[in-house]
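Please treat every number below as a calculation from the coordinates, not as lab data. All values reported here derive from a predicted model rather than from experimental measurement. Virtual Cβ from ideal backbone geometry, glycine too; neighbours counted across all protein chains shown.
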Amino acid sequence: MEFLNNPEFGEKLVTLMAALALVIQIAMVGQRSLIMNIRMYGTQSFLLGAIAGAIAHFNGAWHIYIAAFLTITVKAILLPILLERLADRIGIRHEIEPILGTPVSIVISGALTFIAYIVGESFYHPGPGAALGRNTLAVAISIFLIGFFMMINRRKALTQVLALLSLENGVFLAAICLTYGMPLIVEVGVFFDVLVAALVLGILVYRIRENFESMDVSKMRRLRG
Amino acid sequence: MFSLNVLFSGGLIAYAAGAAAGLAGFRAPRAARVIAFSLALAGALLEIVAAALAIFAPATSTWSLPFGGALFSWTVRLNPLSGFFNLTLGVLAAAASIYSFGYVRHMEGKRNVGSLAFFYNLLLLSLTLVFTAANAFFFLVAWEVMALSAYCLISFEHEKAPTRRAGMVFLIMSHAGTGLLLIGFLLLARASGSLEFSSFHQLASTMSPREQAAVFLLFFAGFGVKAGVIPLHVWLPAAHPVAPSNISGLMSGIVIKTGIYGMALVFFDFFGLPPVWTGMVVLAVGVVSALLGVLYALVEHDLKRLLAYHSIENIGIILIGFGAALVFRALGKPELAALAFIAGLYHTLNHAIFKCLLFFGAGSVLHSARTRNMEEMGGLIRRMPVTAACFLLGAIAISGLPPLNGFVSEWLTYQALLAGFGSSQDLTRVAFPIAGALLSLTAALAAACFVKAFGISFLALPRSDQAAEAHEAPFSMQLGMGILAACCVALGLGATWFLKVFDPITGAALGVRMSARLAAGNGFALAAGTAHGGTVSTVGIAAVLVLLSALPAMLWFVWGRSARRVQGPTWDCGLPGLTAANEYTATGFSKPFRMVFAALYRPKREIQHEYEVSPYYPTAVRFESEIEAAFEKRFYKPFQEALMGMARRMRSVQAGSIHAYLAYIFVALILLLLFGARG
């Protein structure tokens, strides 16, 4: 089991998992089923947790283990369960209605990935011992941008919440691969934040539906000045 | 110096205590009125003494109030210029406080007297600080407190829609002006590295020409809004009439003078040797304001609006003095500059006094006849003799007739302009006789206007029931007016002695002391102090007037006692039974001016006859006449429309769609990322 302590192997492993996370993100853009989307989000979060674990292992930073553990429990297990329940309660199980069609969305996602690589390249100034970031940062930015694009592209508030969460995954990935883990208190704070945000948004979505008889935010146009 | 600072601070404390008393007295209007206005009076008297000491103090007293932080200090500077403006303020504040005892009394129980007293004292406090602040930041703070308390006072009778609207216009324009001042001060502060006024001394003249122009224009426009120069005047005729009359007097008397103070400060302290064109601009704006102000006043039938337009006119006259002073200074004629500067400052004081007096008179009329419309007054001289006498004195003074104070300052302005023609050889000198001619036109029109204002309001028969039932104002109001009327006489007759006040001011600004040269005949006559200047004696004119008015009595005493006397109604030409309908109306009086200046007024007239049998026997005639509000229509309306149009176009950005908002953020983010990646 020599390779388990080889940093080169670690880097490849992290890059591979990051790439998988990106693939999942793009698949989420194309996927129309809400439940599938929630589960893909869970999978993506699990991959992130695994990345954090790998970084913790290969860099010997113990506190990232906690981040990894939190990621997996909160984002990969807790949030998907909450969201599925919410979807159940509201009574929609399938059909996200995006504004743009799947092919166009996928092309845009590709373009965004391209932009992310351009941007990531220039922001990446590796220090000594920081070999991980190169591709991972670009992937993180892609996930972030695509998540943002999903938010714009979807009509229903619940699906936007989901897009926001996956966007946050991008932020998390960028943070962890650039800094090898922020101070623990920051990460705990971020987790708590995401959890609260998801809960609040869930309630909000429920209320929107009660009041407007729809979750379609494009019907909320009356709210302007 | 010590006593000066103590007196000054004592005045400030009295104002602050008055404001506190007003606040405390929300539930007890009578106590609030008596205590708050007594404290204001005490503060005003202390400030008068402090100001007089400051003018003649051997050195400028500069010290800081015990507040402030690292960024700025609450520096107060008591120099002759601020002393002079504080003196003006103190006199008006004293008279206004006395006047308010009676004027505010009838509001008890109907309106919130406590809040009026609070904002009144706050206004006086902030005005004192505006005139003495010596730190740009502190100045702007005092300036804003002044603007806001003035706004609250203007909107005091806020249940009326025009009042609210006027207050809003004032607030908007005032803040736009403050914005310009802020930029101006920042430009100066960048050059000096400090916000203290002492570091700005003659600083502007060391800047590049472009920066000089920017500083000059910013301050001129910023202070011009408050002063009410045309075309930045539109708030003034709206706001001054709707305020309670004691406040209108202060607004027209001293609040708009803060603009004049600011200009004096910038032009004669911050600028060393100004470029010639700045003086020309001030002169031109002054002439236009004076002439248009009086022309609009002529066709006004609302007594207080008429007075408000006259404020614009008089601000114009003051600016003519200032503009001439700037030109002379640029041409290297300090004596002439001092003469013109003195003329402007003296007119500032005089206008403050007689305009306040006139507003108080209008307030007394409003108080007892309950109308501002001159067409509903008439015959008030019999019912309100003291008010009428005071108003008449004010009217004579504002018309620039000898021997009162308005005459002296306008005469000095003329002398400066006349001397200006010989001051240089280039084309700029042509401006002076033109300005002089237009100034005399202005003065003549002002006299015509006040013949109308006094004649229609106070003479002949009452035109309405309210006017017929009018009664004289309470004693405190009479006293307030009487003090100001006495000032008008004193500043007219004692001008040569009073002019000594300006020695320290011109000495500091221009290095010239003029008072000895302006006095002739042991101080009983005014001299221009210029090469071919004139001489005039207000005391002599007054003596002749008194003698001439005594002459008929003497003639009657000598010859007339034996003659037969018949008493009959006046003006009825043998046909008895004159009614108010036979009287000359204000509209009729100003008709010739409407015709002559039709190009300016663009009068609109609509006459409708209603008849039943034949058009020759109308049952009713409806007549409507209005003049065009040229500046509102041609200058502000297009601007406002453009602004609103732009806002409407901008509004489509605000689509109300969450997706659109997200897309904005998204696009901005990507652009920023690419921008960052490029760099």
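Relative contact order, whole percent, for region B:482-524 stands at 35, derived from Cα pairs under 8 Å and 6 or more residues apart.
Counted residue by residue at 0.36 nm each, then reduced by the alpha carbon distance between them, the extension gain from residue B:190 to residue B:634 reaches 156.1 nm. Each of the peptides B:629-640, B:42-53 was scored by the mean count of other Cβ atoms within 10 Å over its residues; in descending order, highest first, they stand as B:42-53, B:629-640.
Please sort B:342-349, A:16-23 by packing, taking for each peptide the average over its residues of neighbouring beta carbons within 10 angstrom, highest first. Before the final figure, lay out the partial values.
On the way: B:342-349: 27.2, A:16-23: 19.4.
My ranking of the peptides, most packed first, is B:342-349, A:16-23.
Taking amide H as placed 1.01 Å from N in the peptide plane, residue B:399 has no amide H partner under 5 Å among residues 5 or more places away or on another chain. Take the Cα of residue B:606, step 7 Å toward its Cβ, do the same at residue A:117, and the gap between the two points is 7.4 nm.
Region A:8-22 and region A:45-65 have Cα centres separated by 12 Å.
Remark: spin-label model distance residue B:9-residue B:668 equals 5.0 nm, labels positioned 7 Å along the Cα→Cβ axis. Summary value for region B:286-555: 23 percent relative contact order, contacts being C-alpha pairs under 8 angstrom separated by 6+ residues. My understanding is that a pair violates if its Cα-Cα distance is over 22 Å; which of B:160/B:226; B:304/B:452; B:304/B:355; B:160/B:604 do that in this structure? Check vs 22 Å cut-off fails for B:160/B:226; B:160/B:604. A viscosity of 1.567 mPa s and a temperature of 4 °C, combined with the Kirkwood radius over C-alpha pairs in the Stokes-Einstein formula, give chain B a diffusion coefficient of 49 µm²/s.
Averaged over peptide B:653-660, the number of partner chain Cβ atoms lying within 10 Å of each residue's Cβ comes to 5.
Sort B:60, B:496 so that the residue with the fewest other Cβ atoms within 10 Å of its own Cβ comes first and the one with the most comes last. List each step's numbers first, then the result.
On the way: B:60 18, B:496 23.
The most exposed by this proxy come first: B:60, B:496.
Give me the distance between the Cα centres of region B:115-147 and region B:186-220, rounded to whole Å. Between the Cα centre of region B:115-147 and that of region B:186-220, the gap is 23 Å.
One Cα centroid belongs to region B:353-419, the other to region B:324-344; the line between them spans 29 Å. For the pair residue A:62 and residue A:33, label points projected 7 Å from Cα toward Cβ lie 4.4 nm apart.
Listed by chain and number, the lysines whose alpha-carbon sits under 22 Å from that of residue A:75, ignoring those within fewer than 8 places in the same chain, are A:156.
Could you list the residues of region A:53-95 with an amide nitrogen less than 14 Å from a label point located 7 Å from the Cα of residue A:196 in the Cα-to-C-beta direction? Answer for this model: none. Less than 5 angstrom separates the built amide H of residue A:155 from those of A:97, A:99, all sequence-distant by 5 or more or on a different chain. Taken one residue at a time, the phi angles of region A:10-23 give Karplus couplings (6.51, -1.76, 1.60, θ = phi - 60°) of x, 4, 4, 4, 4, 4, 4, 5, 4, 4, 4, 4, 5, 4 Hz. Gly and Pro are set to x. Put simply, the amide H of residue B:135, placed in the peptide plane, has neighbours under 5 Å in B:75, B:197, leaving out anything fewer than 5 places away on its chain.
If you rank A:39, B:678 by fewest surrounding Cβ atoms within 10 Å, what's the result?
Details: A:39 15, B:678 9.
Ordered by Cβ neighbours within 10 Å, fewest first: B:678, A:39.
Report summary: the helix-based calculation at 222 nm, which adds -39500 (n - 2.57) for every DSSP H run with n ≥ 4 and divides by the residues of chain B, gives -22500 deg cm²/dmol.
Could you compute how fast the protein assembly as shown diffuses translationally, taking Rh as the Kirkwood radius over C-alpha pairs and applying Stokes-Einstein at 10 °C with viscosity 1.306 mPa s? Give it in µm² per second.
Numbers: Rh = 33.0 Å.
Roughly 48 µm²/s, to the nearest whole number.
Reported value for region B:561-612: 165 Å³ per residue, from the convex hull of its C-alpha atoms.
Would you mind giving the mean number of other chain beta-carbons within 10 Å of the Cβ of each residue in A:143-149, as a whole number?
Numbers: counts 0, 2, 4, 0, 0, 6, 4.
Other-chain Cβ atoms within 10 Å of each residue's Cβ, averaged: 2.
Could the peptides A:74-83, B:174-183, B:567-576 be put in order, highest first, of the mean number of other beta-carbon atoms found within 10 Å of their residues? Show your work: numbers first, answer last.
Numbers: A:74-83: 19.1, B:174-183: 17.5, B:567-576: 7.8.
Ranked from most to least packed, the peptides come out as A:74-83, B:174-183, B:567-576.
Report the far tail of the P(r) of region B:9-99, meaning the percent of Cα-Cα pairs longer than 20 Å. Counting pairs separated by more than 20 Å, the tail of P(r) holds 44 percent.
For a Förster distance of 25 Å, can you work out the FRET efficiency between the beta-carbons of residue B:566 and residue B:451, rounded to the nearest 0.05? Provide the component values of the computation, followed by the final result.
Working: r = 29 Å, r/R0 = 1.15.
So, using R0 = 25 Å, E works out to roughly 0.30.
Across peptide B:663-670, the average count of Cβ atoms from other chains found within 10 Å of a residue's Cβ is 3. Near residue B:31, once Lys and Arg are set to +1 and Asp and Glu to -1 for all other residues with Cβ below 13 Å from its Cβ, the sum equals +3.
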